[in-house]
Amino acid sequence: MVAKAKTQTRNGNGDQTGRMLRLGEACRILCIHGNTLRRWSEQGMINAYRVGPRGDRRFRLEDVNALLAEEIRFNSEDYRKVK
């Protein structure tokens, strides 16, 4: 499952800085609460990038997809152990 997100740009010239997701977007992809994603970023499970004067978190789409793939792999291994 690969998620799509809007490309964020640093300036109006269209220079691509990478696919970045807001907290809520990343949470919807991972099916988790915002506090969980904040905690995971503080624990170093996923990198969060601070932007703007408020220091809002942004997450790279590639990092979110990698974490999602890891969760799917982990859960499928647990499922096989139960059978």
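The values are calculated or read from the model by the stated rules, or taken from the named source; none is laboratory data. Computed from a predicted structure; not experimentally measured. So basically every Cβ, Gly included, is an ideal-geometry build from the backbone, and we count neighbours across all protein chains shown. Side chains included, ligands, DNA and RNA excluded: accessible areas come from the protein's heavy atoms. Shrake-Rupley method; radii C 1.70, N 1.55, O 1.52, S 1.80 Å.
General remarks:
- Flag if Ser41 is outside any loop (DSSP other than H, G, I, E, B) and modelled with pLDDT of 95 or more: yes
- Filter result (over 8 Å from the mean Cα position of the chain (by Cα) and open to solvent by 40 Å² or more (accessible area, probe 1.4 Å)) within region 59-68: Ala66
- Being charged (D, E, K, R) and over 19 Å from Arg19 (Cβ atoms) is a property that Arg58 lacks.
Residue by residue, here is whether (1) more than 19 Å from Met20 (Cβ to Cβ); (2) out of contact with any Lys or Arg (no Cβ under 8 Å at 6 or more places or on another chain); (3) not polar (S, T, N, Q); (4) not in a strand (DSSP E or B) holds:
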residue	(1), (2), (3), (4)
Asn47	no, no, no, yes
Leu68	no, yes, yes, yes
Ile72	yes, yes, yes, yes
Asn75	yes, yes, no, yes
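- Among (1) modelled with pLDDT of 95 or more; (2) of a type outside the set (A, V, I, L, M); (3) surrounded by 11 or more Cβ atoms within 10 Å (Cβ to Cβ), the one test that Glu71 misses: (1)
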